[in-house]
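Attaching a single structure in structure tokens format; questions to follow.
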Amino acid sequence: MQMNFKQSLLTVAIASVAVVGWKAIDHQPVTLQPKSRLWVDGTSSVRSYSCKAGEINLKAQASAPDVGRAVVAGGKAVVSVVLKVPVEKLDCANGTMNEHMRKAMKEKENADIEFRMESYDLVKSADSVAITLVGTLTIAGTAKPITMPAVAHDAGNGVLRVTGGYEFLMSQFGVKPPSLMMGMMKVRDKVNVHFDLLLKS
């Protein structure tokens, strides 16, 4: 009976330490700030085009209250990132192009383009950090592992500015490049995604 009592006290003590430790490393939510941008550039048989993300949804966490300063100092303060862009909010500045692009990306079955970060490496320089992001990019329901370069700066007031881009073929994700004007304008397979994100914890 006495042994059970001692074991119970030990269990409570261990649980208390675990709770205190958990609170000590409690993660901060990271929010996307105004003026954050993401866009896709491509070319066709007629002209180049650019489709802007009208909405960007971010779910991320950091281990520091000032994520900008922490990352630029060389710390891996961002611990998780899931970024989603609704396909219906992509605007190519042309109604017909929007319709064809959304259809090609199977928007009805797969509402979002998603990037889920799995890991990253940092290389610090004088006033910025080169980042190599490793994660999974999902487009039109097809998920592919990718490695993507980016650069981070401390934008002040606790804001981390992350810029970068990634080039890929739409066909890699099962997307058939659309054609318009009775086939006279054919969108080329290669596209470039660019992002300029402002993050704050």
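The values are calculated or read from the model by the stated rules, or taken from the named source; none is laboratory data. What you are looking at is a predicted structure, and each value in this text was computed from that prediction instead of being measured. Note: ideal-geometry Cβ built from the backbone for every residue, glycine included; neighbour counts use all protein chains shown. What goes into the accessible areas is simple: the full protein's heavy atoms, side chains included, and nothing from ligands, DNA or RNA. Shrake-Rupley method; radii C 1.70, N 1.55, O 1.52, S 1.80 Å.
What area, in nm² and to one decimal, does the C-alpha convex hull of the chain cast on average over all directions? Mind showing how you got there, number by number?
On the way: hull surface 61.1 nm².
Result: a mean projected hull area of 15.3 nm².
Putting +1 on Lys and Arg Cβ atoms and -1 on Asp and Glu Cβ atoms, find which of Ala53, Val67, Gly42 reaches farthest to the positive end of the dipole of the range 21-101.
With unit charges placed on the Cβ atoms, the residue in question is Val67.
Using 0.36 nm per residue of separation minus the Cα-Cα distance, give me the extension gain between Thr31 and Lys76 in nm, one decimal.
Extending this stretch completely gives an extra 14.5 nm.
Accessible area per residue for the range 85-201 in Å², computed with a 1.4 Å probe and the full protein assembly in place, what is it? Mind dumping the intermediate values first?
On the way: 6240 Å² over 117 residues.
About 53 Å² of surface per residue is accessible.
Carbon and sulfur atoms: what percent of the 1.4 Å accessible area of the chain do they account for?
Numbers: 6760 of 11830 Å².
Result for the chain: 57 percent of the exposed heavy-atom area is carbon or sulfur.
Okay, moving on. For the peptides 63-76, 102-115, 119-132, 137-150, what is the packing order when you average, over each peptide's residues, the other Cβ atoms within 10 Å and list the highest mean first?
Details: 63-76: 18.5, 102-115: 16.8, 119-132: 13.4, 137-150: 15.1.
Ranking the peptides 63-76, 102-115, 119-132, 137-150 by packing returns 63-76, 102-115, 137-150, 119-132.
Can I ask one more? Quick one: angle between helix 2-24 and the longest Cα principal axis of the chain, in degrees between 0 and 90, rounded to 10, please.
Helix 2-24 sits at roughly 40 degrees to that axis.
Beyond a 18 Å Cα-Cα separation, which of these cross-linked pairs lie in this structure: Lys108/Lys176; Lys35/Lys84; Lys52/Lys186?
Going by Cα-Cα distance, Lys52/Lys186 fall outside the 18 Å limit.
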